[in-house]
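Everything below concerns the one structure shown next.
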Amino acid sequence: MARERWFGTRVVALIAVLLVCSACSEGTPPVETTDSEFSRALAQARVEGAGAQQIEALEQAERAGNATVEMVRAAARRTADCMSEAGLASRYVEHTTYSGVVVPGYEVEVLDPTDDALIESCDRLEFYWINQLYQVQPSSIEANEEFANRQEVALRACLERIGVTTDPDSTGTDLVEQALGLGESGCLADVGIDTW
């Protein structure tokens, strides 16, 4: 019987450099980053079946204007526990992104394709919205942008080496956007940017 691993570290925006397999639902569009992102995520979670602990974390995040790594760690652990209680081999994991943002998640071994529905159910109950909100909140976006701006010189040199003309006034963030618009992920990988 084939074995497959799912990783519940949802990355909201992916570029071609790194493909992250996520057990999160494909049916709900990502939460957009705006002034009301916290209230919108909370409203969506209430309507779409988030569990009481995830709702409580979202309420706390809305009040504070920030989803903390501790909230997401707790949610990822509850998700792994939910799957383990249902008989799946699951465990808590976390990684740190290139910009220093710690991303909690879970790993689950899938032996049967019918396990997908159970994984999605646990994910939506405990993890989906708080994790997504954490990754698109301003502090996470700012960390990514600060890293990109520190890579400006190296990114510009790489783009120009492959024949891309850059504006001398462009920031590192501008250059990332330019590279993505051109479908040029090699230079992003060279400077350590694997998601955006």
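The values are calculated or read from the model by the stated rules, or taken from the named source; none is laboratory data. It should be emphasised that the depicted structure is a prediction, and the values quoted were computed from it without experimental measurement. Glycine gets a Cβ as well: all are built from the backbone with ideal geometry, and neighbour counts include every protein chain shown. SASA here: full protein model, heavy atoms, side chains in, ligands and nucleic acids out. Shrake-Rupley method; radii C 1.70, N 1.55, O 1.52, S 1.80 Å.
What number of residues within region 70-102 are loosely packed, with under 15 Cβ neighbours inside 10 Å and closer than 22 Å to Gln44 by Cα?
Residues that pass the stated criteria total 1.
Given the conditions (1) part of a helix (DSSP H, G or I); (2) modelled with pLDDT of 95 or more; (3) farther than 30 Å from Glu177 by Cβ, and given that Asp116 satisfies all but one, which numbered condition is not satisfied?
(2)
Is it true that Ala117 is of a type in the set (Gly, Ala, Ser) and open to solvent by less than 60 Å² (accessible area, probe 1.4 Å)?
No.
Limited to region 80-113, what total is found for residues that are assigned to a helix (DSSP H, G or I) and of a type outside the set (S, T, N, Q)? Please lay out each step first, then the result.
Taking region 80-113 and keeping what is assigned to a helix (DSSP H, G or I), we get 80-85.
Imposing the further condition that a residue be of a type outside the set (S, T, N, Q) reduces the set to 80-83, 85.
Number satisfying all stated conditions: 5.
Could you give me the residue pairs with C-beta distances under 6 Å whose first residue belongs to region 55-67 and is assigned by the TED database to the domain that holds Val102, whose second residue is loosely packed, with under 15 Cβ neighbours inside 10 Å and at pLDDT below 95 wherever it lies, and which are 6+ apart or on separate chains?
Glu62/Ser39
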